[in-house]
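Notes follow the structure.
Nothing in this text is a laboratory measurement; each read-out follows from the coordinates by a stated rule. Predicted model only: the values in this text are computed from it and were never measured. Neighbour counts are summed over all protein chains in view; Cβ atoms, including those assigned to glycine, are modelled from backbone coordinates with ideal geometry.
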Amino acid sequence: MALVNVKTKEVQVKIVYYGPGRGGKTTNLEYINKKYRERLKTQMVSLKTHDDRTLFFDFLPFDVGKIKGFQIVIQLYTVPGQVKYNETRKVVLGGVDGIVFVADVQLNQRKRNIESLNQLYENLKTHQLDLFKMPLVMQYNKIDLKNQNIPIIPSRIMQKDLNSHLKAPAFEASALKGGNVIPTLKRIVSMTLASIQDELF
Amino acid sequence: MFNKSQLDAIDELIDSRLMGSGIDCVILMNQAGNTIAEHNIGNTDVDVKAFAALAAGNFAAVDAMAKLVGESEFALLFHKGEKVNVHFSKVNHEMFIITMFNKQITLGLVRLKVDEVVNSILEICN
């Protein structure tokens, strides 16, 4: 849950990019970091393996202005997507306020998307959180691969597989090229802030 | 969540007992990586938000290691550098306190002072 400091008038909000390995979670944060570099006060922190995969998390904080006199600091995290790092994913989800689920639209990733979403639901339960009550945005990433004749899953199937019950806002995206990365971010930030406004102010 | 008088009392504690002892930087934070209080003497240029995020991860990893060797937890960590040393201590299951200090202060003194402050913070929480 967001941390509110009534003395410094600061609210720290945690948004986690979750999804299967090599789906584009880190690429989302790298694009945001590149796009807003001049406006960000701090560097992006990445804990990676030697082959450049996320080991623990990526971390990128930024200010989004004030609500009712409180400075709002958004802290973006990714989780490691590899199956073996589920304990780490649970840790990173601690205190989460909003989630972007980054799914991979490649045809051969269909099963892994579903497994990852199911695991997200279970992992949130360990923190007494309910995915159905959590600000959530779906991102169907790597949509640009269809231009390279790589078989992809149509968005209506992605919606059916992942979003038929959750009914979260969904974006087709190309994180590598920046397509719909910022709209995804803006949507999850606004949903998360709306939810904490209801809870906190 | 702390109210303003609790935060004032915590700031006063950290100022008088830790910063007053010559410690360079103190961060009180929760397990999610959010900072509750930050004190810096001014001669350290630390990205506190990033440091807190990494420290939360560090503590979580060490907690998991403790369980693997049959311990319920490792309540403190210490990293020794050439110029800067970092001491991490649990306040309770939700909060940590991090102190950064130079070679002029001994680890023993830091541990003593941090223990006092941890107990006082727990009293404030209750």
Check your understanding: Within chain B, what is the longest stretch that has no GluC sites (Glu not before Pro) placed in a DSSP loop and near at most 14 other beta-carbon atoms within 10 Å?
Key -> B:1-70
Check your understanding: Any idea what diffusion coefficient segment B:4-125 gets from Stokes-Einstein, in µm²/s, Kirkwood Rh on alpha carbon pairs, 4 °C, 1.567 mPa s?
Key -> 89
Review point. For the protein assembly as shown, what D do you get in µm² per second when you plug the Kirkwood radius from alpha-carbon pairs into Stokes-Einstein at 20 °C and 1.002 mPa s?
Key: 103
Check your understanding: What nm distance separates the two modelled labels at A:His165 and A:Asn147, each placed 7 Å from Cα along Cα→Cβ?
Key -> 3.7
Check your understanding: Between segment B:73-126 and segment A:148-180, what is the C-alpha centre distance in whole Å?
Key -> 46
**Study point:** Beta bridge orientation in chain A: antiparallel %, DSSP, nearest 5
**Key:** 40
Exercise for review: Please label the shape of segment A:115-201 as rounded, prolate or oblate, based on the square roots a ≥ b ≥ c of the eigenvalues of the alpha-carbon gyration tensor (a/c under 1.5 means rounded; beyond that, a/b larger than b/c means prolate, else oblate).
Suggested key: oblate
Review point. In deg cm²/dmol, rounded to 500, what helix-only [θ] at 222 nm does the protein assembly as shown give when every DSSP H run of at least 4 residues adds -39500 (n - 2.57) and the total is split over its residues?
Key: -11500 deg cm²/dmol
Point to revise | Neighbour count of at most 10 Cβ within 10 Å plus DSSP loop: longest trypsin sites (Lys or Arg not before Pro)-free window in chain A | key: A:69-201
Check your understanding: From the square roots a ≥ b ≥ c of the eigenvalues of the alpha-carbon gyration tensor of segment A:9-138, which class results: rounded (a/c under 1.5), prolate (a/b over b/c), or oblate?
Key -> oblate
Review point. Relative to the Cα centre, what is the charge dipole magnitude of the protein assembly as shown, using +1 at the beta carbon of each Lys and Arg, -1 at the beta carbon of each Asp and Glu, and rounding to the nearest 20 debye?
Key: 1300
**Study point:** Summed side-chain charge close to A:Thr26 - residues other than A:Thr26 whose Cβ falls under 10 Å, Lys, Arg +1, Asp, Glu -1
**Key:** +1
Point to revise | segment A:5-69: chymotrypsin sites (Phe, Trp or Tyr not before Pro) in DSSP coil with no more than 15 other Cβ atoms inside 10 Å | key: A:Tyr36
Check your understanding: What are the DSSP H helices in chain A that stretch 20 Å or more along their long axis, judged by alpha-carbon atoms, and whose average Kyte-Doolittle hydropathy comes to at least 0.5?
Key -> A:181-200
